[in-house]
Each structure stands twice: as C-alpha cells, then as structure tokens.
Amino acid sequence: MERKCYAKVNLSLDSLYKREDGYHEIDSLMTRISLYDKLIINKNKEKKFSYKSNIEGICPLEENLIYKAWALLKDRVDDNGVDVTLIKNIPLAAGLAGGSSDAAEMIKALNELWDLGLSQKEMMAYGKSLGADLPFFFIEENARAQGIGEILTPFTNKLNMKLLLVNDGTEISSAFVYKRMADYGVIDNDRLVSKLSKGDASAIKDFRNVMEDVIFDAFPHLKEICGKLRELGAENALVSGSGASIFGVFTDDDLLDRAYEEMKDDYKTVLKVELVDD
C-alpha cells in the first residue's frame with residue numbers, strides 16, 4: 001500500500017494567547033501543497049514494526065511519529081507486523097508539517113490495511129494525541145485551524161495561486177519560536193476566508209504569519225529570501241508555520257517561472273508547487 005503524505009503551508013497564522021498548559025491558541029488558514037512524502041506499508045508475518053527511509057537518522061525510532069502511530073493501533077489486531085518505507089521529500093523542521101502528515105497517513109493506512117473501521121473523528125482523535133496539527137490531514141480540505149490547531153473549519157478558495165517554495169536548509173524547532181512568541185490576535189481571518197471564498201485577489205496581500213517577528217530576529221537571512229521573492233514578482237511572501245520554509249505567492253505563471261530560474265541554484269530546495277484543495 002502506498003500513501004501520499006502532502007505538506008501544508010499556512011496562508012495566515014496568528015497566535016492569540018498562551019494557555020496554562022503551555023500551548024498557544026492559534027488562528028490559521030491551512031492548505032495542502034503538491035509536495036509530498038511517499039509512505040509504503042506492507043504486512044509482515046513477524047508481528048513487528050520494520051522501518052527504512054531514504055533519509056536515515058532523522059530521530060530515534062521510538063520518537064518517530066510513524067512508529068508512534070503504529071504503536072497507538074497495534075493492539076487492536078493480532079497480526080500487527082508491518083514493513084514501512086518512507087521516501088522523504090519534504091524538508092525537515094521546515095514549517096511544512098511533513099512528520100505530522102506522515103503520521104496521519106500511517107493511521108489512515110493502518111485503518112484500511114487492518115480493516116479497523118475507524119471513523120474520521122476517531123482517527124483525528126488518535127492523531128491529536130500525537131500532535132496538534134495532525135487532525136488537519138484527516139479532512140483533506142482547506143481549513144481554518146483554531147484552538148491549538150485541532151478545531152477545524154473547512155473553507156473554500158477560489159483563487160488560482162501557485163507557490164514558489166524556498167528552503168535553504170535552516171532548521172527551526174517549533175518550541176524555539178513558541179517560547180519567544182508574544183500574544184497577537186491581529187489578523188482578521190474572518191475577512192480573509194470571505195475574500196478567498198469570493199476569489200478576491202486582494203486576499204493575497206493580507207496573508208501574514210505573526211511568527212515572522214521571532215523568526216526574522218533570529219534568522220535575518222530568511223527575511224532576505226522573502227524580499228527577493230517579492231522583488232521577483234511574488235504578490236506576497238511569508239514563512240510557513242514556525243519556519244524555515246518560505247513561499248512566494250504568484251498568480252502569473254511567467255513571473256513564477258522567472259523567479260524559479262533566478263533562485264533554483266541559490267538554495268537547497270526551490271520548488272514550484274500548487275495548492276491541493278481536495
């Protein structure tokens with residue numbers, strides 16, 4: 001069985017306040033993009049979890065979210081052995097939720113492989129136990145994420161946008177950024193959702209990530225990448241999530257192509273990607 005594990009970007013990300021449990025309440029507009037990892041899962045007869053990847057040493061196995069997803073469900077069946085291969089294409093620690101997407105697809109795959117009959121709601125609950133951004137990957141729609149990321153409201157996007165995704169290899173932990181976050185509550189995501197649903201292109205200028213204040217202070221070279229994307233014709237450019245991936249938003253294919261040609265040899269990862277709406 002093969003699964004595509006799509007990356008996500010945050011078109012808008014606001015932090016409202018820090019809760020007593022240490023989490024931040026957020027308000028974010030999230031969408032999947034056409035960059036994905038590939039997960040290959042097959043049963044084995046040895047009743048054990050076997051794992052390999054094209055990128056080794058990401059983390060100890062017991063900390064791997066794919067393994068944790070298997071561990072959550074393995075006691076529901078007797079023959080629980082699986083061989084798992086991960087083809088990793090999404091950059092690590094990059095604000096694209098690659099690890100979360102991998103784990104969500106693992107839960108969906110095991111539900112099918114083992115005929116568990118779990119509902120979407122049940123799978124989302126399992127996912128939430130592994131990370132606040134996992135539930136998003138079970139609804140397979142654009143969504144406004146609130147709470148700590150688990151309260152999801154689908155929204156419609158009628159804009160034809162393409163992105164130029166740039167990652168220079170900088171790795172940023174979410175904890176590093178959240179620890180330094182202030183309380184904001186400055187983005188009108190109600191208005192943004194309304195604009196996107198109407199195909200109002202002025203929404204693009206309103207995309208914002210409040211985490212950039214912390215990120216650019218610690219990693220000023222990332223701000224320069226945003227500036228370069230705008231100089232090359234992006235209608236907006238911002239960091240996805242807690243970074244360090246940056247995306248420029250384009251509605252003109254020629255400008256997108258020229259920006260790609262200009263930047264493709266300067267950074268570790270430069271990709272033209274599309275939004276995956278369903």
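The values are calculated or read from the model by the stated rules, or taken from the named source; none is laboratory data. In this text the structure is predicted, and so the values were computed from the model without any measurement. Counting neighbours? That spans all protein chains shown, and the Cβs are built from the backbone with ideal geometry, glycine included.
Need the failing condition index for Ala145 against (1) under 22 Å from Thr31 (Cβ atoms); (2) over 17 Å from the mean Cα position of the chain (by Cα), just the number.
(2)
To keep it simple, each residue is scored yes or no on (1) over 21 Å from the mean Cα position of the chain (by Cα); (2) crowded, with 20+ Cβ neighbours inside 10 Å; (3) closer than 30 Å to Leu13 by Cβ.
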{"position": "Pro60", "(1), (2), (3)": "yes, no, yes"}
{"position": "Leu86", "(1), (2), (3)": "no, yes, yes"}
{"position": "Gly117", "(1), (2), (3)": "yes, no, no"}
{"position": "Ser129", "(1), (2), (3)": "no, no, yes"}
{"position": "Asp133", "(1), (2), (3)": "no, yes, yes"}
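Hey, does the range 249-260 have a residue that's assigned to a strand (DSSP E or B), closer than 26 Å to Gln146 by Cα and touching a residue at least 24 places away in the same chain (Cβ under 8 Å)?
yes
Would you please name the residue that is nearest to Ala94 (Cα to Cα), looking only at residues in the range 208-243 that are touching a helix residue (DSSP H, G or I) at 6+ places or on another chain (Cβ under 6 Å) and of a type in the set (Gly, Ala, Ser)?
So the residue we want is Gly243.
Take the residues in the range 162-197 that are under 17 Å from Asn209 (Cβ atoms) and polar (S, T, N, Q), then tell me which one is surrounded by the fewest Cβ atoms within 10 Å (Cβ to Cβ).
The selected residue is Ser173.
Contact list please: Cβ distance under 7 Å, first residue in the range 39-59 and without any contact (Cβ under 8 Å) to a residue 60 or more places away in the chain, second residue hydroxyl-bearing (Ser, Thr, Tyr) and loosely packed, with under 14 Cβ neighbours inside 10 Å, pairs at least six apart or on different chains.
Asn44/Ser50
One residue is enough: does the range 81-90 have a residue meeting the conditions in contact (Cβ under 8 Å) with a residue 24 or more places away in the chain, in contact with a Gly (Cβ under 8 Å, 6 or more places away or on another chain) and either closer than 22 Å to Ala175 by Cα or not assigned by the TED database to the domain that holds Ile26 (or both)?
yes
Is it the case, given these coordinates, that Ile151 is surrounded by fewer than 19 Cβ atoms within 10 Å (Cβ to Cβ), β-branched (Val, Ile, Thr) and under 14 Å from the mean Cα position of the chain (by Cα)?
Taking the combined requirement at face value, the residue does not satisfy it.
If Gly241 satisfies every condition in (1) part of a loop (DSSP other than H, G, I, E, B); (2) touching a strand residue (DSSP E or B) at 6+ places or on another chain (Cβ under 6 Å); (3) surrounded by fewer than 22 Cβ atoms within 10 Å (Cβ to Cβ) but one, which is the exception?
Of the numbered conditions (1) part of a loop (DSSP other than H, G, I, E, B); (2) touching a strand residue (DSSP E or B) at 6+ places or on another chain (Cβ under 6 Å); (3) surrounded by fewer than 22 Cβ atoms within 10 Å (Cβ to Cβ), the odd one out for Gly241 is (3).
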